[in-house]
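S.K.: For reference, the structure I am asking about is given below.
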2 protein chains.
Amino acid sequence: VGPEALLSWKSKRTFTSFGVFFLQMGWGDLGVFGEPSKETPNLDQMASEGMLFLDFYTANPLCSPSRAALLTGRLPVRNGFYTTNAHARNAYTPQDIVGGIPDSELLLPELLKKAGYTNKIIGKWHLGHRPQFHPMKHGFDEWFGSPNCHFGPFDNRVLPNIPVYRDWEMIGRYYEDFKIDLKTGEANLTQIYLQEALDFISKQQASQQPFFLYWAIDATHAPVYASKHFLGTSQRGLYGDAVREIDDSIGKILKHLQKLGISENTFVFFTSDNGAALISAPKQGGSNGRFLCGKQTTFEGGMREPAIAWWPGHIPAGGVSHQLGNVMDLFTTSLSLAGLQPPSDRQIDGIDLLPAILQGKLIDRPIFYYRGNEMMAVRVGLYKAHYWTWSNSWEEYSKGIDFCPGQNVSGVTTHTQEEHTTLPLLFHLGRDPGEKYPLSFASDEYQRTMEQISVVVQHHKATMVPGEPQLNVCDKAVMNWSPPGCEKLGKCLKQPKSDPKKCFWPH
Amino acid sequence: VGPEALLSWKSKRTFTSFGVFFLQMGWGDLGVFGEPSKETPNLDQMASEGMLFLDFYTANPLCSPSRAALLTGRLPVRNGFYTTNAHARNAYTPQDIVGGIPDSELLLPELLKKAGYTNKIIGKWHLGHRPQFHPMKHGFDEWFGSPNCHFGPFDNRVLPNIPVYRDWEMIGRYYEDFKIDLKTGEANLTQIYLQEALDFISKQQASQQPFFLYWAIDATHAPVYASKHFLGTSQRGLYGDAVREIDDSIGKILKHLQKLGISENTFVFFTSDNGAALISAPKQGGSNGRFLCGKQTTFEGGMREPAIAWWPGHIPAGGVSHQLGNVMDLFTTSLSLAGLQPPSDRQIDGIDLLPAILQGKLIDRPIFYYRGNEMMAVRVGLYKAHYWTWSNSWEEYSKGIDFCPGQNVSGVTTHTQEEHTTLPLLFHLGRDPGEKYPLSFASDEYQRTMEQISVVVQHHKATMVPGEPQLNVCDKAVMNWSPPGCEKLGKCLKQPKSDPKKCFWPH
């Protein structure tokens, strides 16, 4: 596709809808990325009909900050989705978190709404669950899903089970009204989320309204589940069953777009919010292929993600891109597709990927790897420099919490926070995707490369204005005791007295 | 393809030629198997036009025994390609090896010859270099390549450089007449081997003769090389340059078959003789994806191989097979395609893969993982039981020889030879392809599975008749001092006095 096609498309851009599949799957979980069971025929076909991104990243090795980054186009350290309670910690939005997405942040659906889009989120919001953070106060027109992750509590006694919302009100709670059988792993949630997507798309097609569908379902997060039809069908066990169900669902959504005749008007992107959680392996954990470590870390296994762009008639089938991409780019790219400009009053970290997707261009841009407000590493071209290394503490590790099981690279996967700001550890990700062989500090290659990288880092740090940290304070009183709608259902629980504390983030 | 197609093909089977690409590449070196640089467009296309085998193995974690196994259809412990000098050692055919392929072994080309096939080997023979072991004494009609690997010696002084043969006579030596620049990595050998293949195929097509082409070139074995056109073109460094050149060559060979109109009469198979040599990483070593360890080991990284079957018009395009396969199956499968029976006077370990390839069947069969004459492990279905574990000795490891760099699985990647014959370590390769999580001995799954596996192992051991070990004795006198043809070239070297000794096999 040359610039003519881009221009001709730009002139009739009114009806480009967007679908974003945003899940927790590792780079190595897809057949097309080398999963040895090769059980994702629909995602593999999506890639063969669209464009595969091999060097695509999330903005954080944990879910909430990555989701905030996707929707704001900004690094978590700017949009407030980080903590300063301790150095270099991953933080998210558990039930007792006080903070959430600030009103000052402009979310993708807010901007799209102005251009006539209908926006729906299906699945896990994760940007704060107190009333002011509700997704429909931040641009979404519809919501079906939960504010927090479906892992515990399970009995709704000491702590409230996570609520499931339809739009403004909760309609039940996980483990109570929305069953997940922890023993068998059976739950039909993915089927419910699939149906929501199909219905929404049908409705939008019928009313000829452009839409933004954000399909951010809970699976494959632990505790892993799948519906009965998929249980026991994968070589990979329960985790594989869940992957197969997601793969099947995505196939059905894409076929639905095609059947309705709107696939050429719908830009669809599949990616993930963090690397596979290797701590849940082998029974509930996925694969990051040959990359080092997993979720929670700033090694490639924690942040390099599977990514596929699909837009029949526009994206050449079977394309492969080495563009360094980031989930934040989906913000800027979607705005570009909608003919909108990104906000000019703030720093936007996402770039417009359309030249890479439609014209095969490679845009030079760095990737930053953060934990909290500490820039742990940076990638420039094929080189990655670690300024800090840490997997987790010896204390956590001694409890059996291992983010790099069976992978121990001396001096790299460290259990103390190691500062390398004077002499960063440098890897060439082409020759050494597994981050096993740091370049010699004395080599010409090291010297030459670090000179270039230092300039990028200096510029980044000099212009960095961190947002107000949102993930510092926790309070049992803010939990989902009595979400709106609980009265109708008779499911209001008694809220305890407020007792705000610093949240404890061990990693 | 149903049984009708198989039958209809069988009725006109006269002209099925075979091409076997047999190289040293790791499972993870191909784009289609998830190599993050995705630089093998031709092999990826071969897979998309043919059938990808995800669970395909070599017969040994080292080159010579695997090559002997492919050509005899028999485990190295049967065909003599092993040592008894020390327990559980990998052995091969260096220049001072006294043994080689016994005359009593029936090689694939010997059998095909009787059916009118012309057989050519291009590349590394590796089944012994003394006169009685010459490939043309074992069924090949033509040979272009070397008897041993192209790694040292390099200066032709103390020891003779490896000779390169055309048919019966040597036409020069590596590093002397066939240059490999160890500094830049430049060598045009792969181009020479490519041209040999194209010429042979053209000649066979012109004379309408069925053929067996065994393209077993040296690259990507260390020292890694590529020709000028490919140097510096890969993200992966020199190793990637070599992979790209091989990929390009295979693409040219397949296109040549198509251009000549004989692709539908030629069954082509691509696979590898052992896992990527991680000791050569990152500069000269490949990738075994997420599998554990590499060459020399009986973990998956040492023996699971990339594998593609290609036969346009017969094999459905884009097929994927989970058939447990082995390089020895190429012996039996080729005979089946040629309408021949495997020899009935000896144990053949290879099975006919045609039902798996043409009818999508899954044939139940085990995979045995040997070091020397010790059965280290066995795979049955998705389960793999280790009866012995060993990476290498502490002594070798302390010298920096590491077959599992950055991968250390406690109790699994052991540096002492650990016997588990009473309670084998059991892994589920679907849930845990990386062999990181042995099943609990106390679990029902363990008990149930080991009962099944024990029967398979008992039967295997009860019927095992080892061949005379060929790789026990080494003697400097047998080196390539004066290969046939050396007089014409003035390249005969003085042979030292015979001094046979037990070969030393450290791993």
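S.K.: Check whether at least one residue in the stretch B:298-316 is under 20 Å from residue B:434 (Cα atoms), of a type in the set (Lys, Arg) and out of contact with any Ser or Thr (no Cβ under 6 Å at 6 or more places or on another chain), and report yes or no. Full working, then the answer.
M.R.: At the first step, the residues of the stretch B:298-316 found to be under 20 Å from residue B:434 (Cα atoms) are B:298-307.
Checking which are of a type in the set (Lys, Arg) leaves us with B:304.
Still in the list and also out of contact with any Ser or Thr (no Cβ under 6 Å at 6 or more places or on another chain): B:304.
Yes - at least one qualifying residue is present in the stretch B:298-316.
S.K.: Could you please give the count of residues in the stretch A:398-409 that are over 25 Å from the mean Cα position of the chain (by Cα) and within 18 Å of residue A:376 (Cβ to Cβ)?
M.R.: Within the stretch A:398-409, residues that are over 25 Å from the mean Cα position of the chain (by Cα) and within 18 Å of residue A:376 (Cβ to Cβ) number 1.
S.K.: Still on this structure, please answer the following. For the stretch B:470-504, name all the residues that are open to solvent by less than 40 Å² (accessible area, probe 1.4 Å) and either part of a loop (DSSP other than H, G, I, E, B) or in the same structural domain as residue B:106 (by the TED database) (or both). Spell out how you get there, then give the answer.
M.R.: Here is the first cut: in the stretch B:470-504, the ones open to solvent by less than 40 Å² (accessible area, probe 1.4 Å) are B:470-472, B:474-475, B:477-481, B:483, B:485-486, B:491, B:503.
Passing the criteria: B:470, B:471, B:472, B:475, B:479, B:480, B:481, B:483, B:485, B:491, B:503.
S.K.: Please determine, by comparing only the residues of the stretch A:218-241 that are at pLDDT 95 or above and under 18 Å from residue A:196 (Cα atoms), which one is nearest to the other protein chains (Cβ to nearest Cβ).
M.R.: A:226
S.K.: Now a separate question. Only residues in the stretch B:324-352 that are at pLDDT 95 or above count as the first member; pair them with residues that are open to solvent by 10 Å² or more (accessible area, probe 1.4 Å) and among the hydroxyl-bearing types (Ser, Thr, Tyr), Cβ under 6 angstrom, at least 6 apart or cross-chain, and list the lot.
M.R.: Close Cβ pairs satisfying both conditions: B:342/B:332; B:350/B:332; B:351/B:332; B:352/B:332; B:352/B:336.
S.K.: A further question on this structure: Restricting to the stretch B:213-246, name every residue that is of a type in the set (Lys, Arg) and within 30 Å of residue B:140 (Cβ to Cβ).
M.R.: Matches in the stretch B:213-246: B:244 only.
S.K.: Being farther than 27 Å from residue B:103 by Cα, part of a helix (DSSP H, G or I) and open to solvent by less than 70 Å² (accessible area, probe 1.4 Å) is the filter here, so list the residues in the stretch B:441-469 that pass it. Quick ask: steps written out before the conclusion?
M.R.: Start the filter on the stretch B:441-469 by keeping residues that are farther than 27 Å from residue B:103 by Cα, which leaves B:441-459.
Within this subset, residues satisfying the condition of being part of a helix (DSSP H, G or I) are B:444-459.
If the condition is that a residue be farther than 27 Å from residue B:103 by Cα, part of a helix (DSSP H, G or I) and open to solvent by less than 70 Å² (accessible area, probe 1.4 Å), then B:445, B:446, B:449, B:450, B:453, B:454, B:456, B:457 are the ones that fit.
S.K.: Moving to a separate point now. Counting just the residues of the stretch B:242-251 that are more than 17 Å from the chain's Cα centre (by Cα) and within 14 Å of chain A (Cβ to nearest Cβ), which one comes out surrounded by the most Cβ atoms within 10 Å (Cβ to Cβ)?
M.R.: B:242
S.K.: Would you be able to say whether some residue in the stretch A:9-22 is of a type in the set (Gly, Ala, Ser), at pLDDT below 95, in a helix (DSSP H, G or I) and more than 19 Å from the chain's Cα centre (by Cα)? Walk me through how you get there before you give the answer.
M.R.: As a first pass, look at the stretch A:9-22 and keep what is of a type in the set (Gly, Ala, Ser): A:11, A:17, A:19.
If we keep only those that are at pLDDT below 95 as well, we get A:11, A:17, A:19.
Those left that are additionally in a helix (DSSP H, G or I): A:11.
From what is left, the residues that are more than 19 Å from the chain's Cα centre (by Cα) are A:11.
Looking through the stretch A:9-22, at least one residue is of a type in the set (Gly, Ala, Ser), at pLDDT below 95, in a helix (DSSP H, G or I) and more than 19 Å from the chain's Cα centre (by Cα).
S.K.: Here is a follow-up. Can you find, within the stretch B:270-281, the residue that is surrounded by the most Cβ atoms within 10 Å (Cβ to Cβ) among those that are in a loop (DSSP other than H, G, I, E, B) and more than 10 Å from chain A (Cβ to nearest Cβ)? Break it down into steps so the answer makes sense when it comes.
M.R.: From the stretch B:270-281, those in a loop (DSSP other than H, G, I, E, B) are B:273-277, B:281; that's our starting set.
This time we only want the ones that are more than 10 Å from chain A (Cβ to nearest Cβ), so: B:273-277.
Working: B:273: 27, B:274: 29, B:275: 36, B:276: 27, B:277: 23.
So, considering only residues that are in a loop (DSSP other than H, G, I, E, B) and more than 10 Å from chain A (Cβ to nearest Cβ), the one surrounded by the most Cβ atoms within 10 Å (Cβ to Cβ) is B:275.
S.K.: Can you tell me how many residues within the stretch A:49-91 are touching a strand residue (DSSP E or B) at 6+ places or on another chain (Cβ under 6 Å) and on the phi > 0 side of the Ramachandran plot?
M.R.: Residues meeting the conditions: 1.
S.K.: Sticking with this structure for a sec: I need the helices (runs of 4 or more DSSP H) fully contained in the stretch B:37-117, keeping only those with at least 3 residues that are of a type in the set (A, V, I, L, M).
M.R.: Values: elements: B:41-49, B:63-72, B:76-79, B:108-114.
Result: B:41-49, B:63-72, B:108-114.
S.K.: Something else now. Among the residues of the stretch A:401-444, write down those that are free of Cβ contacts under 8 Å to residues at least 12 places away in the same chain and out of contact with any Pro (no Cβ under 8 Å at 6 or more places or on another chain).
M.R.: Those that are free of Cβ contacts under 8 Å to residues at least 12 places away in the same chain and out of contact with any Pro (no Cβ under 8 Å at 6 or more places or on another chain): A:406, A:408, A:410, A:422, A:440, A:442, A:443, A:444.
S.K.: Right, here's the next one. Hey, any hits in the stretch B:282-298 for a residue that's more than 12 Å from chain A (Cβ to nearest Cβ), surrounded by 24 or more Cβ atoms within 10 Å (Cβ to Cβ) and farther than 27 Å from residue B:90 by Cβ?
M.R.: Within the stretch B:282-298, not a single residue is more than 12 Å from chain A (Cβ to nearest Cβ), surrounded by 24 or more Cβ atoms within 10 Å (Cβ to Cβ) and farther than 27 Å from residue B:90 by Cβ.
S.K.: Looking at the stretch B:373-429, which of the residues that are within 28 Å of residue A:403 (Cα to Cα), open to solvent by 30 Å² or more (accessible area, probe 1.4 Å) and aliphatic (A, V, I, L, M) is nearest to the other protein chains (Cβ to nearest Cβ)?
M.R.: Selected residue: B:382.
S.K.: Does any residue of the stretch B:197-208 turn out to be closer than 30 Å to residue B:278 by Cα and crowded, with 21+ Cβ neighbours inside 10 Å?
M.R.: Yes, the stretch B:197-208 contains at least one residue that is closer than 30 Å to residue B:278 by Cα and crowded, with 21+ Cβ neighbours inside 10 Å.
S.K.: When residue A:349 is evaluated against the numbered criteria (1) surrounded by fewer than 17 Cβ atoms within 10 Å (Cβ to Cβ); (2) acidic (Asp, Glu); (3) under 20 Å from the mean Cα position of the chain (by Cα), which criterion, by number, is the only one it fails?
M.R.: It fails just one condition, (1).
The values are calculated or read from the model by the stated rules, or taken from the named source; none is laboratory data. Predicted, not measured: the structure shown is a model, and the values here were computed from it. Counting neighbours? That spans all protein chains shown, and the Cβs are built from the backbone with ideal geometry, glycine included. To get the accessible areas, we keep the full protein, side chains included, count just its heavy atoms, and leave off ligands, DNA and RNA. Shrake-Rupley method; radii C 1.70, N 1.55, O 1.52, S 1.80 Å.
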